[in-house]
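The values are calculated or read from the model by the stated rules, or taken from the named source; none is laboratory data. Fair warning: this is a prediction, and the values are worked out from it, not measured in the lab. Note: ideal-geometry Cβ built from the backbone for every residue, glycine included; neighbour counts use all protein chains shown.
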Amino acid sequence: MDHKPMFPPPSAESARKRRELAPKPLEAFKAFSAAVFADGALPVKTKQLIAVAVAHTTQCPYCIRGHTEGALKAGATEAEIMEAIWVAAEMRAGGAYAHSNLALEVMADQEAKAATTK
């Protein structure tokens, strides 16, 4: 059986193929990315730390690698990167906790329906 990695490593071939299949969107994406990550109201280091946190929230392994590297290059410490990851973890957990209101509402509705059918 041929086992392929779940997330194939980036390669010159995959980059060439993306460029070949959709050159204009790729060009626009690269320009957008460069503008977003340029120094501005937020310094590059802060933007990269945000990107590390978001990458962990979206669970994109390529983004995790790329933005961790970007954060380090921008001067972030390992401790800052780990704190950003913990912020992402808290936000995911907090979202699950907050959305439990939906399940509680369904349970209450079912309970009310059951009480009226007795």
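Each residue in the range 19-47 was checked for being under 21 Å from the mean Cα position of the chain (by Cα) and farther than 16 Å from residue 75 by Cβ, and 11 of them qualify.
Within the range 48-84, the set of residues being within 13 Å of the chain's Cα centre (by Cα) and either farther than 24 Å from residue 10 by Cα or basic (Lys, Arg) (or both) comprises 65, 84.
Quick grid of which residues meet (1) touching a residue at least 40 places away in the same chain (Cβ under 8 Å); (2) closer than 21 Å to residue 59 by Cα; (3) among the basic types (Lys, Arg); (4) surrounded by 10 or more Cβ atoms within 10 Å (Cβ to Cβ):
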residue	(1), (2), (3), (4)
2	no, no, no, no
6	no, yes, no, no
13	no, no, no, no
28	no, no, no, yes
31	no, no, no, yes
39	no, no, no, yes
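Within the range 43-52, is even one residue touching a helix residue (DSSP H, G or I) at 6+ places or on another chain (Cβ under 6 Å), within 26 Å of residue 5 (Cα to Cα), modelled with pLDDT of 95 or more and surrounded by 10 or more Cβ atoms within 10 Å (Cβ to Cβ)? Yes. Considering (1) modelled with pLDDT of 95 or more; (2) surrounded by 10 or more Cβ atoms within 10 Å (Cβ to Cβ), the lone condition that residue 79 does not fulfil carries the number (2).
Here residue 87 clears all of (1) surrounded by 10 or more Cβ atoms within 10 Å (Cβ to Cβ); (2) of a type outside the set (Lys, Arg); (3) in a loop (DSSP other than H, G, I, E, B) except the condition numbered (3). Listed by first and then second residue, the pairs with beta-carbon distance under 8 Å, at least 6 apart or on different chains, first residue in the range 69-88 and closer than 18 Å to residue 59 by Cβ, second modelled with pLDDT of 95 or more and of a type in the set (Ser, Thr, Tyr), are 81/68; 88/57.
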